[in-house]
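To keep things clear, I will list the structure first and then write my remarks on it.
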Amino acid sequence: MSTTNRQMEYLDSSTALHMHAYREHINKLIRRSRMLDRLDRVIVRLYFIDGYSLSQIAAIRGASRAAMQRRFKRILRRLKSPEFCGYMRLHLHMEGVSREVGRRYFFRGVSIQKIAQETGLSIYRVRQIIAQIRKEISESFQNEAV
């Protein structure tokens, strides 16, 4: 086998590995998107599953491409964040107000002020709850590492 053929074979297998890793990453994002609110979930689905471009999604939504691009970037940042992943594991074991605050903050990306307004809690109390959840997420990651 000539050097050129070996190089091509290596490139083909390397590309296949990268494509497989990329597909796995996308599938992970799609699975995580189930925790998002309906509109963000639809955007992820249209882009990754149905193959729409951000321009096409923006046109469907009646938004500018730039606005859709910013929103999509925020969605992806949230889906990739360690806090989102950590809260995905913890939220089923939480109850009441903590679960609701966490869901709004980590899954939907709602601001602390808006959560306080929607739930009737003080901003201070919402911050306390989020800090407690972050502590639990951090502890769960530390326990995993040990």
- With criteria (1) modelled with pLDDT of 95 or more; (2) surrounded by 13 or more Cβ atoms within 10 Å (Cβ to Cβ); (3) not assigned by TED's automatic domain parsing to the domain that holds ASN27, ILE43 comes up short on (3)
- Segments classed as helices (runs of 4 or more DSSP H), wholly inside the range 48-146, with at least 2 members that are touching a His at 6+ places or on another chain (Cβ under 7 Å), modelled with pLDDT of 90 or more and buried (at least 16 other Cβ atoms within 10 Å of the Cβ): 96-102
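The values are calculated or read from the model by the stated rules, or taken from the named source; none is laboratory data. Keep in mind that this is a model prediction, so the values were computed, not measured. Neighbour counts run over all protein chains shown; Cβ positions are idealised from the backbone, glycine included.
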